[in-house]
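K.L.:
Below is one structure. I have some questions about it.
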Amino acid sequence: MNIRKLSLSFLGILVFTSSVVAQVQPAISKVNVPPAADRQPLSLSVDLSRTTDVRKVVIWYRSFGESEFKELEMLLAGRNASVTLPAEVVLPPYIEYFIEATLESGSETYPLENPRANPLQISVKQADPKDEEIRILSPEPGETSAAEDFVVAVSLYFASDNVDRTKTRIILDGFDVSKDAILSEDVILYNPKNFNRPLNLGAHFLKVELRDSTGATYHSREITFNLSTAIAIAEEKARLRAIGNGQLEFRNENLSAGGTTYLRGDFRVDGTYSILNGGASVHVDNQEKSERQPQNRFLGYLETSFLRLQVGDAFPRFPSYIVSGKRVRGVSGNLMLGIFNVDASFGQTERFIEGQYDSTHVFPDSSAADARPSNTIQTDRNNYFKYDFFTRGTYTRNFLAVRPSFGSGENYQLGFTYMKAKDDIPSIKYGTRPAENLVVGSDLLLAADDQRLKFETQLSLALTNEDISGGNFTEAEKDSVTASSGISKTQLNLAEKIITVNENLFPTNPVSTGLPGVAGEAALTLNYLNNFLRAVAYHRGAAYKSFGNEFLQTDIRGFQVSDYIRLFSNRLLTSLSFEQKSDNTADTKEVTTKYVNFNGSLSVNPGVNLPTFQLGYGQFGRTAGLDQGTRNAVTNRPDSATVSSSADEKTSRYLVAASYDFTSGIRHLASVSFSLADRKDNTYKKQNQQNMFLQTSVTSNFTSMPLQTIVSILYSKNTNDRQTFYTDSVKFNQDSALARTEFNYTMVTVGGTLRMLNDDLRLVATVSPAFGAFNRVNFQFGADYTYAQRHNFLFQADYIQNAGLGDDTIISLIYRFNF
């Protein structure tokens, strides 16, 4: 085919234009999600349409059956933000999530409207449980073994009773060597040296095939491995080996709101020497500024089989109620001896940002000092009542967490955690209310039968002082506290050794009624008979707070039960969950809010060359727990604080999704998904809400030409109702007219990728118009060229046509290399 004609045809995609009227351009343009596998880390990224006003990007996520979202900060690098979800949260049938970007002028979410009620979903592919029935003990997948000591060892201890172990086939490099293998109880052994079958050095392939009593194939598992000599392996371990990669980026954004040039660099190196592994990574950014939290990031690590040490920006892992997703700049380490272990992290979670003196305001009030605003500072020592204003800064927050534990975590582990976070008062001059937080806790894991049966629990206690600027109580204040509360001065003196004790410390008694300073949960997991059953009970006190996990919902208690059922050789997957919870744990509120949530999902995977389907339904209820008489009042009038703070609503969620990989002349991958969240508010407010999200796409791979195209359509319809109540005497006891607002938009994407020069060069072109609540047309062109496999050059240009606003242009050039 004439490449010139093909290129012209391909670039003709850009002719597609649209005349639209625009309001605002969202900062988040696209989320890139790869296929997700059961209990495997999941890396995903976000494409940003601009970064001039983007300060932070986070992902809020939750596994199936959970009602609360957890938060992870994403790493910003150019027009991309990336994050890796930990393996333990990547569970079938799906993960729900939404993205939030913190902007200079506020925040933005993706999806734009009501993402908590109608989040996006990532389907998680179920791992075949039959894989667990074949345990390849030697060699390990991807391992390089010494040819002199090579032996195949396979355990069938966990194989089903339907398997005839004597019919198991061992296939090595395509040759069936089963007749030479020895079956001893539940272990199969094969040594090629005993049968004069030497194996060449290099890559090899091993397949283990189970068969039932009829001889039919039950299941198989395949791995690859390498063979070398013992001397070569020893020499390789003794030799320093290192690999590295890097990226340099130049980007210029010329937006209607202003222009900015970005220069960023990322470098990473990893090495191995004998039993040591180590490496370092650095991210540098010309947007590093003293008035922001760090944009430059660095991390170095050194590890052996039993010790890991990290220096720089790390994300240490501790029990989730104490530390979760918190970046610590400092030193983190893990000692892993099995019988005894220690996890520790010391550093800073916040960098100081000095407040700014405001010379335009003075506070010369001669009234009581207690009446002055908190963001003032005394500037005239001779005039007690003369103060100047300032904008509050951010204190350096020092952080320390230590967790000794006993047991390897395979069948047993008992841990104890101490965490302390404290603002450094001298770190800034213009600041108010420096805080301090102390959390101690314990966690326990018990497991059996290869963790098919697992019990986990964690319990922690927290104290927080919201203003330590005044220091501890004076002796006179201690006498007053002792006289009024019965707490002895000795107890106060002991408490001062671990946290600042003054009138801002709370809770004063963390284990009083309702356990206000206590948080804990217990979880039981059973993985038997094609069921993955999990039950969780939890309590988080109203005053519980951890600076290591500041997004944990508190003042809540309840339980949750979920089951994931596999049927018909995993072709039919059913998930069910039920949760009931309530707040007012200390019984201090006039109204207790109760939540009842149900979730159900059905996934159908008929087999190769057939489409897959997913159906889902959920119902989420929230009530204020009022009696029927008061509930009737809620429906008719807001005449008390009790009634106006009440709630009686139910949200129903529906999901239909399908995907089909088929060939019709060329290969296509078609997908469609529909989700609807419908909230009904039964109170007088009538704050009904409906969010509908429809997305469909077709990706086509041409066989007659090196071209891939994609066409996608996204439609979102969002309505919000509110019905207020007239309280004047004329219209008393009558509802006002229903007020409704809508936020609807449509996005169309048409694009393609043309591969040239033996795939070393790829040309990409996309046009994406948006209509409705925000209107724009985004034209994008890019070229990706790889040279000598070690160097990659990426050019990307965006032209965004905004009617009603100035147009935007974004140009970036990225150079990637590895060594």
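K.L.:
Mind putting a number on the dipole of the chain about its Cα centre? Charges go on the C-beta only, +1 for Lys and Arg and -1 for Asp and Glu, and I need it in Debye to the nearest 20. List each step's numbers first, then the result.
P.N.:
Values: 81 positive and 90 negative charges, 240 e Å.
Result for the chain is approximately 1160 debye, rounded to the nearest 20.
K.L.:
Any idea which of Asn245, Ser220, Asn196 is furthest toward the positive side of the dipole for segment 181-284, if Lys and Arg beta-carbons carry +1 and Asp and Glu beta-carbons -1?
P.N.:
It is Asn196.
K.L.:
Still on this model: Distance between Cα centroids, segment 29-76 to segment 225-299: provide it in whole Å.
P.N.:
Measuring centre to centre over Cα atoms gives 21 Å.
K.L.:
Sticking with this one: Tell me the GluC sites (Glu not before Pro) within segment 103-168 that lie in a loop according to DSSP and have at most 16 other beta-carbon atoms within 10 Å. Please list the in-between numbers first.
P.N.:
Details: sites: Glu104, Glu108, Glu113, Glu132, Glu133, Glu143, Glu148; in loops: Glu104, Glu113, Glu143.
Answer in residue order: Glu104, Glu143.
K.L.:
Moving on. Would you please name the trypsin sites (Lys or Arg not before Pro) within segment 227-266 that are DSSP coil residues with at most 10 other C-beta atoms within 10 Å of their C-beta?
P.N.:
For trypsin sites (Lys or Arg not before Pro) across segment 227-266 that sit outside H, G, I, E and B with at most 10 neighbouring Cβ atoms in 10 Å, the list reads Arg239.
K.L.:
With a cut-off of 8 Å between alpha carbons and a minimum separation of six or more residues, what is the relative contact order of the chain in percent?
P.N.:
This gives 9 percent for the chain.
K.L.:
Which value, in debye to the nearest 20, describes the size of the charge dipole of segment 180-326 about its Cα centre when Lys and Arg Cβ atoms bear +1, Asp and Glu Cβ atoms bear -1, and nothing else is charged?
P.N.:
Roughly 220 debye for segment 180-326.
K.L.:
Which whole-Hz couplings ³J(HN,Hα) result when phi for each residue of segment 483-498 is put into the Karplus expression 6.51 cos²θ - 1.76 cosθ + 1.60, θ = phi - 60°, listed in order with x for Gly and Pro?
P.N.:
Along segment 483-498, the couplings run 5, 8, 10, x, 6, 6, 5, 4, 5, 5, 5, 5, 5, 4, 6, 10 Hz.
K.L.:
Which aspartates and glutamates, on any chain, are close to Lys589 with Cα under 19 Å apart, when same-chain ones fewer than 8 places away are left out?
P.N.:
Result set, ordered by chain and number: Asp555, Asp627, Asp639, Asp648.
K.L.:
With a 1.4 Å probe and all protein chains left in place, how much of the accessible area of the chain comes from carbon and sulfur atoms, in whole percent?
P.N.:
Of the solvent-accessible surface of the chain, carbon and sulfur hold 55 percent.
K.L.:
Whose amide H sits under 5 Å from the amide H of Lys125, counting only residues 5 or more places off or on another chain, with H placed in the peptide plane?
P.N.:
Ala36, Ala37, Asp38
K.L.:
Charges on Cβ only, +1 for Lys and Arg, -1 for Asp and Glu, centred on the Cα centroid of the chain; of Asn277, Val698, Gly486, which one is farthest towards the dipole's positive end?
P.N.:
Val698
K.L.:
Ok, one more. Would you mind checking Lys489/Lys545; Lys686/Lys717; Lys125/Lys594; Lys545/Lys680; Lys289/Lys429 for any pair whose Cα atoms are more than 29 angstrom apart?
P.N.:
Over 29 Å apart, Cα to Cα: Lys125/Lys594; Lys545/Lys680.
K.L.:
Residue by residue through segment 296-303, what is 3J(HN,Hα) from phi via Karplus (6.51 cos²θ - 1.76 cosθ + 1.60, θ = phi - 60°)? Round to whole Hz and write x for glycine and proline.
P.N.:
Residue by residue, segment 296-303 yields 6, 10, 8, 7, x, 9, 9, 8 Hz.
K.L.:
Can you list the aspartates and glutamates whose alpha carbon is less than 20 Å from that of Lys420, not counting same-chain residues fewer than 8 positions off?
P.N.:
Asp313, Asp343, Glu350, Glu436, Asp443, Glu466, Asp467, Glu496, Glu503, Glu550
K.L.:
Keeping every protein chain present and rolling a 1.4 Å probe, give me the accessible area per residue for the chain in Å². Mind dumping the intermediate values first?
P.N.:
Details: 41050 Å² over 819 residues.
That works out to 50 Å² for each residue.
K.L.:
Once phi is turned into θ = phi - 60°, what whole-Hz ³J(HN,Hα) does the Karplus curve with 6.51, -1.76 and 1.60 give for every residue of segment 198-213, x standing for Gly and Pro?
P.N.:
Result, ordered by residue: x, 10, 5, 6, x, 7, 9, 10, 10, 10, 10, 10, 8, 10, 8, 5 Hz.
K.L.:
Please tell me the relative contact order of segment 263-322 in percent, rounded to the nearest whole number, where contacts are Cα pairs under 8 Å and at least six residues apart. Kindly include the intermediate steps, with their values, before the conclusion.
P.N.:
Details: 91 pairs, mean separation 15.2, N = 60.
Over segment 263-322, the number comes to 25 percent.
K.L.:
Follow-up question, since we're still on this one. Please give the charge dipole size of segment 240-306, origin at the Cα centre, charges +1 on K and R Cβ atoms and -1 on D and E Cβ atoms. Round to the nearest 20 debye.
P.N.:
Working: 7 positive and 8 negative charges, 10 e Å.
With Lys and Arg at +1 and Asp and Glu at -1, about 40 debye.
The values are calculated or read from the model by the stated rules, or taken from the named source; none is laboratory data. Owing to the predicted nature of the structure, the values given are computational and were not obtained by experimental measurement. All Cβ positions, glycine included, derive from the backbone under ideal geometry; neighbour counts span all protein chains shown. In case anyone asks, the SASA skips ligands and DNA or RNA and just uses the protein heavy atoms, side chains included. Shrake-Rupley method; radii C 1.70, N 1.55, O 1.52, S 1.80 Å.
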